[in-house]
Structures are given as structure tokens and as C-alpha cells.
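What follows is one structure encoded as C-alpha cells, with my remarks underneath.
The values are calculated or read from the model by the stated rules, or taken from the named source; none is laboratory data. Since the structure is predicted, the reported quantities are computational estimates derived from the model, not experimental observations. Every residue, glycine among them, receives a Cβ derived from its backbone with ideal geometry; neighbour counts consider all protein chains shown. Remember, those area values only see protein heavy atoms, side chains included, never the ligands or the DNA or RNA. Shrake-Rupley method; radii C 1.70, N 1.55, O 1.52, S 1.80 Å.
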Amino acid sequence: MLDNVIKDIVEIKSSGELLKAVEGLKNDGYRYATMICLKKDDGHELIYIFDKDNKLKNLRYFVKPGEKPKSVSGIYLCALLIENEYQDLFGLTFDGLAIDYKGHLYLTPNSPKAPLA
């Protein structure tokens with residue numbers, strides 16, 4: 001979907017492959033920049049964005065309906081914020097979040113329920 005904007009995208013096929021790729025980028029000195037989530041077909045497309053020396057590397061992972069993607073917050077702690085945000089907005093559940101707000105990072109108990117996006 002964002003192929004015309006985001007270049008150098010590596011397709012990831014499993015959560016295990018995702019964690020290995022993220023660990024490899026960290027070991028190579030890449031900084032975790034952010035993650036984008038898009039509703040696609042029946043699931044969600046996650047695009048992880050990393051930066052090193054002003055060069056971006058991107059990992060794309062398709063989350064099937066009902067799947068719990070692995071959290072990368074054990075590798076990059078800062079990822080817990082965007083992963084918790086996507087739990088609030090998209091109704092995703094990340095497995096192994098360093099700190100899991102369980103859908104209440106932004107939402108109060110009286111807020112509308114996810115998915116909001």
C-alpha cells in the first residue's frame with residue numbers, strides 16, 4: 001500500500017523471522033524509528049521503520065485475523081508505546097509486550113472500544 005512512498009521493504013513471513021530481523025538491525029546499529037499499521041484485507045499490515053545514518057530499512061509483516069504478533073519491545077523498549085497504541089486503535093494484541101496497558105494506554109474504561117481505526 002505504501003510501496004510508492006516507503007522503499008527498501010523486506011517482507012517478513014513469521015513472528016520468529018520478525019524478531020530475528022529486528023535483532024539483526026539492532027546489532028547493526030539501527031535505531032527503531034516507528035511502526036505503521038494499516039488495515040488490509042481481513043488483517044493488518046505492520047511496517048517497522050529503522051534508521052541508521054539517515055538511511056531507512058523497513059520490515060513489513062502481515063498479521064492474520066486473530067494472530068498475536070510478537071512484540072519487539074524486548075529488543076527496543078521504546079516500541080512498547082506504539083504497540084500499545086495499536087492495541088488501543090486497531091484491537092491488536094502483541095505477545096510479550098514489556099509493559100502491556102491492555103488496550104488502555106490512551107483509552108479510559110469509559111472510552112469507545114477498539115478497533116477505532
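Compared with the dominant principal axis of the Cα atoms in the chain, helix 15-27 is inclined by about 50°. Only Cα pairs under 8 Å and 6+ residues apart enter the sum, and on that basis the relative contact order of the chain stands at 21 percent.
With respect to the chain, whose longest principal axis is taken over its alpha-carbon atoms, helix 79-90 is tilted by about 50°.
Answer rounded, prolate or oblate for segment 9-90, using the Cα gyration tensor with square roots of eigenvalues a ≥ b ≥ c: rounded when a/c is under 1.5, else prolate when a/b is larger than b/c, else oblate. Taking the square roots of the gyration eigenvalues as a ≥ b ≥ c, segment 9-90 is prolate.
A Förster radius of 22 Å combined with the Cβ-Cβ distance from Lys39 to Glu17 puts the calculated FRET efficiency at roughly 0.50. The dipole here belongs to the chain: it is taken about the Cα centre, uses +1 on the Cβ of Lys and Arg and -1 on the Cβ of Asp and Glu, and is about 40 debye. Note that the chain presents 57 Å² accessible area per residue, ligands and nucleic acids not counted, probe 1.4 Å.
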